[in-house]
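*Asks:* Got a structure here, written out as C-alpha cells. Questions coming.
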Amino acid sequence: QVQLAESGGGLVPTGGSLKLSCVGSGRTFSDQAIAWFRQTPGEYREFVASITWSGSTTYYADAVKGRFTISRDIDNNIVYLQISKAKPDDTALYYCAGGFSPRSEWDTYDYWGQGTQVTVSS
C-alpha cells in the first residue's frame, strides 16, 4: 500500500508562485510514477503533470507547460509541483496520485491523496 499526502496549497495572486508537496509512504512508493491532477466543482479531474519513478522523465499538460515544474526527491519520498506565473484558471483542488505508469488518464492511478486547494486571485 502507498499513502499520499499533499500540502502547500493556499491563496496566490495572478502571476505568483506556489510549491505543492506530495509526501509518500509505504514500501512501494519509490516504485510509483506520480502525477498531479486538479479538479474544480462539476468538472472532471484534469491531468497536470507526471514523473517517472526515477524522476528522469516528466510530462505536462499543455495548459501548464512552461509554468509548472514537477520534481522528485527520491531520498525523502516527496514529489513537488512548482506553480509559477499562476493564472485564475489554475484555481482548483490539486491531487497527487501514484501508479504504475506516468499516464495522463486519472483512472490508471491506484493511490490518491486527499488534495490541497489552490486559489489564484485575479
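*Asks:* Trypsin sites (Lys or Arg not before Pro) within segment 1-39: which are DSSP loop residues with at most 13 other Cβ atoms inside 10 Å? If you can, show how the numbers build up before the last one.
*Replies:* On the way: sites: K19, R27, R38; in loops: R27.
Filter output for segment 1-39: R27.
*Asks:* Now, a different point. Quick one: which residues, 5 or more positions from S101 or on another chain, have an amide H under 5 Å from its amide H? H modelled 1.01 Å from N in the peptide plane, none for Pro or chain starts.
*Replies:* A33
*Asks:* Sticking with this one: How far apart, in nanometres, would the label points at D62 and S121 be if each is projected 7 angstrom from Cα along the Cα-to-Cβ direction?
*Replies:* It works out to 3.2 nm between the two label points.
*Asks:* Counting only protein heavy atoms and using a 1.4 Å probe, what share of the accessible area of the chain belongs to carbon plus sulfur, as a whole percent? Kindly include the intermediate steps, with their values, before the conclusion.
*Replies:* Numbers: 3110 of 6400 Å².
Here it works out to 49 percent.
*Asks:* A follow-up question, please. Between T52 and R27, what length comes free when the chain is fully extended (0.36 nm per residue of separation minus the Cα-Cα distance, one decimal in nm)?
*Replies:* Details: separation 25, 0.36 × 25 = 9.00 nm, distance 1.67 nm.
Stretched out fully, the T52 to R27 stretch lengthens by 7.3 nm.
*Asks:* A further question follows. Using θ = phi - 60° and the Karplus form 6.51 cos²θ - 1.76 cosθ + 1.60, what ³J(HN,Hα) does each residue of segment 17-34 get, whole Hz, x for Gly and Pro?
*Replies:* In residue order, the calculated couplings are 10, 7, 10, 9, 10, 10, 9, x, 9, x, 6, 9, 4, 5, 8, 8, 6, 10 Hz.
*Asks:* How much length would be gained if the chain were fully extended between T14 and K87, taking 0.36 nm per residue of separation minus their Cα-Cα distance, in nm to one decimal? Don't skip to the end; give the middle numbers.
*Replies:* On the way: separation 73, 0.36 × 73 = 26.28 nm, distance 0.52 nm.
My answer for the length gained is 25.8 nm.
*Asks:* Another question about this same structure. Sorted by average packing, counted as other Cβ atoms within 10 angstrom per residue and highest first, what order do 39-46, 77-84 take? Write down the numbers at each step before the final one.
*Replies:* On the way: 39-46: 11.2, 77-84: 20.1.
Peptide ranking by packing, descending: 77-84, 39-46.
*Asks:* Now for a separate question. How do Y95, Y59 rank by accessible surface area computed with a 1.4 Å probe, from largest to smallest? Write down the numbers at each step before the final one.
*Replies:* Numbers: Y95 30, Y59 100 Å².
Correct descending sequence by accessible area is Y59, Y95.
The values are calculated or read from the model by the stated rules, or taken from the named source; none is laboratory data. Note that the structure is predicted; figures quoted are calculated from it, not measured. Because the Cβ atoms are built from the backbone with ideal geometry, glycine has one as well, and the counts that use them run over all protein chains shown. In case anyone asks, the SASA skips ligands and DNA or RNA and just uses the protein heavy atoms, side chains included. Shrake-Rupley method; radii C 1.70, N 1.55, O 1.52, S 1.80 Å.
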